[in-house]
Amino acid sequence: MPRAKTAQSFRDLLCDQVRHEFTASQQYIAIAVWFDDHDLPRLASHFYAQAVEERNHAMMIVRYLLDRDWGVRIPGVDEVRGDFEAPTEPIALALSQEKIVTTQIEALFRAARSEGDVLGEQFMLWFLKEQVEEVAAMNTLLTIAERAGKDWFQIEDHLARERVGDQGEDSSAPTAAGGAL
């Protein structure tokens with residue numbers, strides 16, 4: 001009996017993921033701008049850097065699609081949110097977004113596996129590792145923000161003292177089309 005095909009091919013899911021990563025980048029820019037507008041420069045800087053990291057993820061997938069000769073169409077992005085009441089809201093949104101991306105990356109890995117695409121599986125392994133770090137970093141930042149309560153500067157102080165996440169520094173990362181920013 002033939003194996004059931006996945007709803008979308010690995011290639012199609014990768015093309016969709018380019019949009020998801022660019023949308024995540026735009027969402028992080030909106031979050032950074034909100035923090036910037038509220039005179040929270042360390043939080044703003046953190047999320048501006050996250051925006052670049054997500055852009056780089058999209059371009060890593062673009063490079064992979066080009067290398068596999070699968071063709072690439074650069075998509076638009078989904079709507080992003082930029083109105084918040086307190087620092088916990090954008091950080092909680094970022095954590096939720098990272099959990100969704102984790103689910104998407106897991107689906108990509110499963111699609112590659114179900115298609116017997118060992119090159120695709122190997123490519124997705126780095127992204128799976130990256131999502132563990134991304135979710136953990138946002139979870140930590142949300143915990144710090146919740147503990148800070150109404151004293152938003154405690155979050156700033158924490159970011160001044162502690163490194164949250166890897167800041168996109170990973171020598172094992174796939175190559176981004178055009179080079180990582």
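The values are calculated or read from the model by the stated rules, or taken from the named source; none is laboratory data. Since the structure is predicted, the reported quantities are computational estimates derived from the model, not experimental observations. Cβ: placed from backbone, ideal geometry, glycine included. Neighbour counts: every protein chain shown. Heavy atoms of the whole protein, side chains included, go into the accessibility calculation; ligands, DNA and RNA do not. Shrake-Rupley method; radii C 1.70, N 1.55, O 1.52, S 1.80 Å.
Summary table
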{"item": "Cα centroid separation, the stretch 119-181 to the stretch 29-49 (Å)", "result": "15 Å"}
{"item": "C-alpha long axis of helix 88-114 to longest principal axis of the chain, angle in °", "result": "10 degrees"}
{"item": "Overall Cα dimensions of the chain - principal axes, largest extent first, Å", "result": "61, 35, 31"}
{"item": "Residues in the stretch 20-45 that a label on Thr143 would reach, taking backbone N under 20 Å of a point 7 Å out along Cα→Cβ", "result": "43"}
{"item": "Cα radius of gyration and Dmax for the stretch 98-170 (Å)", "result": "16.4, 52"}
{"item": "The chain: calculated mean residue ellipticity at 222 nm from DSSP helix runs of at least 4, using -39500 (n - 2.57)", "result": "-24000 deg cm²/dmol"}
{"item": "Dipole axis of the stretch 1-148 (+1 Lys, Arg; -1 Asp, Glu on Cβ), positive-most option in Phe22, Gln50, Phe127", "result": "Phe127"}
{"item": "Given charges at beta-carbon only (K, R positive; D, E negative), |dipole| of the chain in Debye", "result": "700 debye"}
{"item": "Residue among Gly71, Ala177, Ala137 farthest towards the positive dipole end of the chain, charges placed on Cβ", "result": "Gly71"}
{"item": "Angle between the chain longest axis and helix 41-67 axis [Cα atoms, degrees, rounded to 10]", "result": "10 degrees"}
{"item": "Stretch in the chain that is longest and holds no GluC sites (Glu not before Pro) that DSSP places in a loop and that have at most 15 other beta carbons within 10 Å", "result": "1-78"}
{"item": "Area accessible to solvent at His20, 1.4 Å probe radius, in Å²", "result": "40 Å²"}
{"item": "Heavy atoms of Val33 accessible to a 1.4 Å probe, total area in Å² rounded to 10", "result": "70 Å²"}
{"item": "Extension reserve of the Asp39-Glu85 stretch, reckoned as 0.36 nm per residue once the Cα distance is removed", "result": "15.2 nm"}
{"item": "Angle between the chain longest axis and helix 10-37 axis [Cα atoms, degrees, rounded to 10]", "result": "10 degrees"}
{"item": "Coil-residue trypsin sites (Lys or Arg not before Pro) of the stretch 72-119, DSSP, other Cβ within 10 Å capped at 13", "result": "Arg73, Arg81"}
